[in-house]
Amino acid sequence: MVRARGDVYGRVPEQPSGAGGKTGIKNERIKTKEQYKGILLMIKQVMNWIKTHRYCLVGLYMLVFLSGFFLLELHEPSDVHIIHCAVDDLIPFNEWFVLPYFLWYAWVPVFMLYFMIRDREAYLRLCFVMFAGATFCLFVYLLAPNGLNLRQEITSQNFCAQIVRFLRRVDPPNNVCPSIHVSSTVAVHLTICHAASVRNKKPIRTLSWIVTILICLSTMFIKQHSLVDVLCGWILSLILDEAANIWVLVKAFSKGKAGKTTNAVHEE
C-alpha cells in the first residue's frame, strides 16, 4: 500500500485542483464573455431603435434645463420677492404629504418613457408643454427672483419628517413661482387626456387625476410651495396645452388643404 507523505504531525498536504480547477475558471470566463455579449447586444438594439425614432432625442433638452436650473440655484439675487397669500396660513404642515411629493420623481419619468416608446405624438406634446413651461419658469426666476417664508421647525420625529428635513437641506425655498413640480405634473395629466394610446382608458385617466391632485396638494402641505405657485403652475401648463391644441389643428388643416390641392392637380 502506498501512503501519502505527510508532515511531522501526519497531515497530508492539499493536492492541486488540476484539470477540475482549470475547467471551472474556463467556465467562468465563458459566462463573463456571454454577459458582455448580452450587454453589447442590448446597447446595439437601443442605438438602432434611437436611429429609427430620432424624435426621442427631444428629451435630451432635460439636460439643458437642469443645467440652467442648478446655475440659478447658485445665483444669489440681492432682492427676492416673497410669495404668500392668506390661504397659505390656513394650510397645516403635514409631513406625510412628502410621499406623494416624491412620487413625482417616478410618475413623470415613467410616462415620458411610456409615450416615447408607444406614442410619438403624445411624447412630443408632453415635451413641448413640460419643457416650454420649465424654460419659462427659469426666465421668471432669473428676471423676477422669488422665494418662500413658510417653513417652520418640524417637531415630529417619524420617517416622513426626516425626509422633509432632508428635502429642506437640499432644496432651499428659492425659485418657487411658478412651480415646475406642479406644471410638469399637470403637463403629464393633460397629455394623458389627449394621448390616443391612453385617453380611452378610464382607470388610467382617473389615476392620473388623483395623482396630480395629490402631488399639487403635497407641495403646499409640506410648505415647499404657496398656493400662488401652484395656481401659476396650473395656468402655465393649461396655456401651453392650448397652444399645442392650436398647433395640432393648424397642422391638420394644412395637411387637409395640401391633400385637396394634390387631388385637384391629379384631376386636372
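The values are calculated or read from the model by the stated rules, or taken from the named source; none is laboratory data. Quantities reported herein were computed from a predicted structural model and do not represent experimental measurements. Glycine gets a Cβ as well: all are built from the backbone with ideal geometry, and neighbour counts include every protein chain shown.
A compact table of results
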{"quantity": "Selected residue [farther than 25 Å from V228 by Cα and touching a helix residue (DSSP H, G or I) at 6+ places or on another chain (Cβ under 8 Å)] from S179, S197, S184", "calculated": "S197"}
{"quantity": "Residue tally, condition without any contact (Cβ under 8 Å) to a residue 12 or more places away in the chain and closer than 25 Å to H75 by Cβ, over the stretch 89-146", "calculated": "3"}
{"quantity": "Candidates W96, W104, filtered to the one that is of a type outside the set (D, E, K, R) and within 20 Å of S237 (Cα to Cα)", "calculated": "W104"}
{"quantity": "Residue ID - surrounded by the fewest Cβ atoms within 10 Å (Cβ to Cβ), chosen from residues in the stretch 172-218 that are over 21 Å from C127 (Cα atoms) and among the hydroxyl-bearing types (S, T, Y)", "calculated": "T206"}
{"quantity": "Output for the stretch 204-238, where each listed residue is of a type in the set (D, E, K, R) and part of a helix (DSSP H, G or I)", "calculated": "R205, D229"}
{"quantity": "Search result, residues across the stretch 72-94 that are surrounded by 11 or more Cβ atoms within 10 Å (Cβ to Cβ), in a helix (DSSP H, G or I) and at pLDDT 90 or above", "calculated": "V87, D88"}
{"quantity": "Qualifying positions in the stretch 111-159 - in contact with an Asp or Glu (Cβ under 6 Å, 6 or more places away or on another chain) and surrounded by fewer than 17 Cβ atoms within 10 Å (Cβ to Cβ)", "calculated": "S156"}
{"quantity": "Search result, residues across the stretch 194-222 that are touching a Pro at 6+ places or on another chain (Cβ under 8 Å) and modelled with pLDDT under 95", "calculated": "none"}
